[in-house]
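Report on one structure; see the data block that follows.
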Amino acid sequence: MAKRDFYEVLGVNRDASEDDIKKSYRRLAMKHHPDRNPDNPKAEESFKEAKEAYEILSDANKRAAYDQYGHAGVDPSAGGGGAGMGGGFADAFGDIFGDIFGGGRGRSNVYRGADLRYNLEIGLEEAARGTETKIRIPAMEQCETCDGSGAKPGTKPVKCSTCDGHGQVRMQQGFFSVQQACPKCRGAGKMVESPCPTCRGVGRLKQHKTLSVKIPSGVDEGDRIRLSGEGEAGVNGGPPGDLYVVIHLKAHAVFQREHNDLHCEMPISFTTAALGGDIEIPTLEGYAKIKIPAETQSGKVFRLRGKGIKGVRSSTHGDLLCHVVVETPVNLTARQRELLNELEAINNKDSGQHNPRAKSWMDKVKEFFAE
């Protein structure tokens, strides 16, 4: 299984600062630490993945190699594309059988560009209706001066004299024939004698590019939009990676989203709760009227069918759920206090009829202390 992009593992953008990388790693390490998740192999795997990503991205030199060559730049077993490391155990056995049967195998030094991740915050209304926005991302792009060859215009890379252009050399160790990356060309098979003045022989440059992203209606927190071929440029003519735009929803002043449903708190006055009445509440499409029945209690939920969000993979709209909160009046005048005291006196004459929940609770309290 291919490794995930280290920036995606930590949930940060490509241009994230050292502090952002450290904060994200600490959060993930606390969440997935084996001591907090005993007998959970998935959490342990996530912890190890985050640790590996942090070890690379927190080191300036390793991060630069990773930004330039992707996983091949920091994987000791990759054996090319800037890693400059020897081949692995499988390579040794491959060469053994190649030597026995007269074959031998080469290794491609062409690498696909790394996938990129971009965290995009949008409002709830934009998520519900869809929108189009522009983003600016840093990425390793092919050098236009040398067309990615790394050689000065008018010149070309020459075949490495050490490995004869194969990118690998063999070391005979008794019966075993071990194949490893050429130490001179670092597995590229070619040498740049006259480096390009723009990219200094690398063939790629770190640049910023602006892209237009279409956000479909109904996207939710954590949804990913894939922009094919908009990731980093490949190495040695390899195909570019992809860009994944990860959606994050901004906190809304009125609504909270739960999948395709919306929730909101609906404060009503003490008198409206007691006597009933009509009130207007906001929806994403304007205002709607709700009839409040008399004697409505705090916490009651009113459901408005079809006033939620139609998800990306849904054929119908969700609902809007309004949670009633009875508001206690404040800054009372003398007359208001007088009326409320009068009301309280009347209620106390027959609390079981006017305040059944309070009476039931008090009865249970008395039973508890009587035992």
**Asked** In region 289-315, what residues are touching a residue at least 12 places away in the same chain (Cβ under 8 Å) and of a type in the set (S, T, N, Q)?
**Response** THR296, GLN297, SER298, SER314
**Message:** Looking for something at negative phi, part of a loop (DSSP other than H, G, I, E, B) and modelled with pLDDT of 70 or more - is there at least one such residue anywhere in region 53-62?
**Reply:** yes
**Prompt:** Can you name every residue in region 316-328 that is exposed (fewer than 12 other Cβ atoms within 10 Å of the Cβ) and modelled with pLDDT under 90?
**Reply:** THR328
**Message:** Whether any residue in region 14-28 is modelled with pLDDT of 85 or more and more than 17 Å from the chain's Cα centre (by Cα) is what I want to check.
**Reply:** yes
**Prompt:** Out of curiosity, is ALA139 closer than 21 Å to ASP15 by Cβ, touching a residue at least 40 places away in the same chain (Cβ under 8 Å) and not basic (Lys, Arg)?
**Reply:** yes
**Message:** So for region 66-89 (the condition being over 19 Å from the mean Cα position of the chain (by Cα), outside any helix (DSSP H, G or I), surrounded by fewer than 18 Cβ atoms within 10 Å (Cβ to Cβ) and modelled with pLDDT of 80 or more), does at least one residue qualify?
**Reply:** no
**Request:** Could you look through region 296-315, keep only residues that are surrounded by fewer than 11 Cβ atoms within 10 Å (Cβ to Cβ) and charged (D, E, K, R), and pick out the one that is farthest from GLU327 (Cα to Cα)?
**Result:** ARG313
**Request:** Being at pLDDT below 90, basic (Lys, Arg) and closer than 21 Å to ASP67 by Cα narrows it down to one of LYS190, LYS206, LYS156, LYS184, so name that one.
**Result:** LYS206
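The values are calculated or read from the model by the stated rules, or taken from the named source; none is laboratory data. Bear in mind that the values here come from a model prediction, so they are computed numbers and not experimental data. Please note: Cβ atoms are built from the backbone with ideal geometry, for glycine as well, and neighbour counts cover all protein chains shown.
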